[in-house]
Structure formats: structure tokens, C-alpha cells
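The values are calculated or read from the model by the stated rules, or taken from the named source; none is laboratory data. This structure is a prediction, so every number in the text was calculated from the model and none was measured. Cβ placement follows ideal geometry from the backbone for every residue including glycine, while neighbour counts extend to all protein chains displayed.
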Amino acid sequence: MRRLLFLTISAGLTLAAHPARALELDTLLPDGIPGFNTTPDVTILTRQHPQYDSLGIRWGSWEINPELSFGAGYDSNPNGIASPSATLSLAPSLLVHNTALGFGAYAAGQSQNYPQSPSQNSNGYTVALGEGLLLPHNTLILALVRLRTQETGFTLASISTLKPATLTGTEFRASDKFSTGMLTLTPEFIYATAVTAPPASLTATNIGGGLTLTFTPDALTSLVMHLHASNWRFSQPGQNANDYTALIGFSNDAERLWSFRLLAGIAARQPTTGKSQIVPVIEAAADWMPSSLTSLDFTAAHEIEDPERLDAASYTLTESKFSLAHELRRNIIITAAASATQAVYFHNPLTETILSNADTITWRLNRQFKLATAYRFNDRQANHLRAANEHVVTLTLTWAP
């Protein structure tokens, strides 16, 4: 069973649709790529520290930032099915951006190896481009991402894999943000394809569009309405479907102190075969900085999930995540995150739940090197397959010029 990764962030509107995906994509892409990252300009994790930040390479208005990370550690249960193993990882990356031109590009590769369980080895890559054009009355954003990734048994809908499932995906998105007075109108378009590795070679295509209307009567509060529709086409035609979502809500943002967003509405799925599904949708996010050294973030969503498995039914998704970041010293940052995700499948009594926790201490040794030690716990519960969990401990050294 394989899960299709479609990266559905609404460019220019944080968490307007599918906040869980925004979280997922933010783990893959850094700041500086238009259309792919809607985090605040300054956070505990992105705050500049001139004495420790890498200088990178400067060429006129271009900024070039290469990195190379090497990690080693231990995994108690790779993929929820394999024998305990040491882990070795290598991850080069390159970020290029030009603020004056509104351009950003990113390329990264990753190799993950398990010497005692080689069947769980995996390799992947990510390439992304983004362009933000500031025009007299609007902001046009064009973005493209291509990735190859593996999903394990601790990902929803992939719990029958004996080894990581390889997925290759491409997504193009465009949005145009028009602002006049207190009103902002943002139409968007998404085209995405995905394919699993042989022998299954299942494919999917998603064409979607949306419209977001934001009314901002004062400096803190905005009223938001979001409409979205998409058409899904699969290599197995019986899974084809149309999705529709309508959300309305508000956001409140006191820069560098707190922000709160709440959207509610309804989602509908009309499959080519079977009954239509209509469910209530709610999406919420809250960020708070109790001090200049600490930030707390919370997100939650209940929605119809896009039919992400290329060979399985769709489901209702309920997800929440809490994260904390604390600057212990100017060169030491502690982060902790916990999430719970549950899928309830349509047309059958199947359910599954994924619980995750991740804790990291990052120590910037100097401008060129940083050291990160991390602990991660994953747990899978399902009413139709055996439970599984894993403990992962890693130590990662990153170099940047």
C-alpha cells in the first residue's frame, strides 16, 4: 500500500488549506523559496546570529549556501518491521536566492543506510524553484518542485510495506495576490503528478484551483474565505474523484508575540464510483512567543484527506501537532515536537493512528560547523494490523562554508 505525497500549500496564505501538508513541506524546504514557505520572517529557528551564521558565497545580489550533513545513530525498528540497526546518513544541499529578483532555488539529496537491515536503505532528492514578481497592483508567484522520496510503515496508508515505498512527484503551482485597501484576493492553480516505483508503477494526477479572499479591517485581525476544487485521475480509474472545499474564518497576528488562525467549513468528495462524501472541516493554528527566547506552536485539522494512496480508499483525517523551540544560548537551540494523526477510512471500518515525538539539541560550534543530537519516537496503532513502534537516536554534523 503506497501513499501519494502531494504538497498542497496555498502560496501566500499560511494554513489556508491543508495545514498538515504545510508542516510536511516545511521539513523539506528551507526559507527563501517563493511559494513554498509561509513561516514568519523571524522565528527562534530563523533568527540571525552573525557570529555563528554561515557566510555562504556572495556574488553580487546572489546568495549561494551549500551544506553537507553526515549523521550516525541507531534505529530500534526500521520501517516498523526490520531488525534493529545502526544508521548512516549523508545529505548534501544547495540553496540559491536573489532577494532583488524574488528568486529562490533549492536542491538536496539524501542517502539513508541501515548496515544491519540493508533492505531498508533509501535514497531521495528534492529540487525546487520559486519566483515572486512584485507588480504594481499584485504579486505573482510561480513555483515548481520535483522530488523522490520514500515512505515507511510509520506513514499513514503505507503500513503493509516490507521496505520503504518509493514515490516520485512533480508539482507546479501559481498564485496571483491582488491587494486593494483592506481587501486581498488570491487565485491559485496547482498541477501535480506522482508515480510509484516498479513493479506497481501506479500513477496519479491532480489539477486544482482555489480562491482566497482576505479582509483586514485593522493591523491585527483578518477575515478569510477560501474556496478550492480539484480533480484527481488515477491509473486505476475507479479511484477518480472531484474534491470541493469551502472555508471561512479569521486570523489574528501580533508580530513576534502571537498569531492565531481558525478556519471552518465543509468538504465534499464526488468519486466516479460509490457514494459522495461530505464532512465538516476545521483547521486551526496558534503561535506564541512568551519570551524572546521561546516559541510555542500548535496546529490542528479535521478534513477529508486527498486520496493519497495510489491503490486505496480515501479517508477522514484528524491531525494535531505541538512544537516548542527554545534558545538556551545564542549557539544552542532546543526543539521538541509531538504529533497525533488518525485516519478513518470511507466504506469500511478500518482506522489507524500514528503518534510521533521528536526532540533535538542543535549546537553551533562556529560559522562552518553545527552539531545536532536528536531522539525520535514513532508509534503505529491500527484495528486491522499489528501495532509497531520505533526509537531513533542520531548525531549529525553539518558543514557550511
| said: Given the condition over 27 Å from residue 72 (Cα atoms), surrounded by 19 or more Cβ atoms within 10 Å (Cβ to Cβ) and touching a strand residue (DSSP E or B) at 6+ places or on another chain (Cβ under 7 Å), answer yes or no: does some residue in segment 105-126 qualify? | reply: no
| remark: When segment 66-102 is checked residue by residue, the ones that are under 30 Å from residue 140 (Cα atoms) and surrounded by 20 or more Cβ atoms within 10 Å (Cβ to Cβ) are 95, 96, 97
| said: I'd like the full set of residues that are within 17 Å of residue 266 (Cα to Cα), of a type in the set (S, T, N, Q) and touching a Ser or Thr at 6+ places or on another chain (Cβ under 6 Å), limited to segment 224-248. | reply: none
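When you scan segment 265-281, do you find a residue that is hydroxyl-bearing (Ser, Thr, Tyr), on the phi < 0 side of the Ramachandran plot and not in a loop (DSSP other than H, G, I, E, B), even just one?
Kept after step one, since they are hydroxyl-bearing (Ser, Thr, Tyr), are these residues of segment 265-281: 272-273, 276.
Filter again for on the phi < 0 side of the Ramachandran plot, leaving 272-273, 276.
Among the residues that remain, those that are also not in a loop (DSSP other than H, G, I, E, B) are: none.
Among the residues of segment 265-281, not one is hydroxyl-bearing (Ser, Thr, Tyr), on the phi < 0 side of the Ramachandran plot and not in a loop (DSSP other than H, G, I, E, B), which makes the answer no.
Mind listing whichever residues of segment 202-238 are small (Gly, Ala, Ser) and outside any loop (DSSP other than H, G, I, E, B)? It would help to see each step written out before you state the result.
First, pick out the residues of segment 202-238 that are small (Gly, Ala, Ser): 204, 208-210, 219, 222, 229-230, 235, 238.
204, 208, 209, 210, 222, 229, 230, 238 - these are the residues of segment 202-238 that are small (Gly, Ala, Ser) and outside any loop (DSSP other than H, G, I, E, B).
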| remark: By residue number, the members of segment 376-401 that are of a type in the set (Phe, Trp, Tyr) and under 19 Å from residue 151 (Cα atoms) are 377
| task | Looking at (1) more than 24 Å from residue 314 (Cα to Cα); (2) surrounded by fewer than 16 Cβ atoms within 10 Å (Cβ to Cβ); (3) not small (Gly, Ala, Ser), find the lone condition where residue 262 falls short. | result | (2)
| said: Return the residues of segment 186-210 that are at pLDDT 95 or above and aliphatic (A, V, I, L, M); say none if nothing qualifies. | reply: 207
| query | Taking the stated definitions as given, is residue 107 among the aliphatic types (A, V, I, L, M), part of a strand (DSSP E or B) and without any contact (Cβ under 8 Å) to a residue 24 or more places away in the chain? | reply | yes
| In segment 288-316, residue modelled with the highest pLDDT [restricted to those that are surrounded by 21 or more Cβ atoms within 10 Å (Cβ to Cβ) and among the charged types (D, E, K, R)] | 303
| message | Among the residues of segment 152-173, are any buried (at least 17 other Cβ atoms within 10 Å of the Cβ), more than 30 Å from residue 76 (Cα to Cα) and in contact (Cβ under 8 Å) with a residue 40 or more places away in the chain? | response | yes
| said: If I filter segment 266-276 for residues that are closer than 30 Å to residue 47 by Cβ and buried (at least 17 other Cβ atoms within 10 Å of the Cβ), do I get at least one hit? | reply: no
| Which of the residues that make up segment 185-236 are out of contact with any Gly (no Cβ under 9 Å at 6 or more places or on another chain), surrounded by 15 or more Cβ atoms within 10 Å (Cβ to Cβ), among the polar types (S, T, N, Q) and touching a residue at least 40 places away in the same chain (Cβ under 8 Å)? | 196, 203, 206, 214, 235
| said: Any residue at all in segment 130-144 that's in contact with a Ser or Thr (Cβ under 9 Å, 6 or more places away or on another chain), within 19 Å of residue 234 (Cα to Cα) and not basic (Lys, Arg)? | reply: no
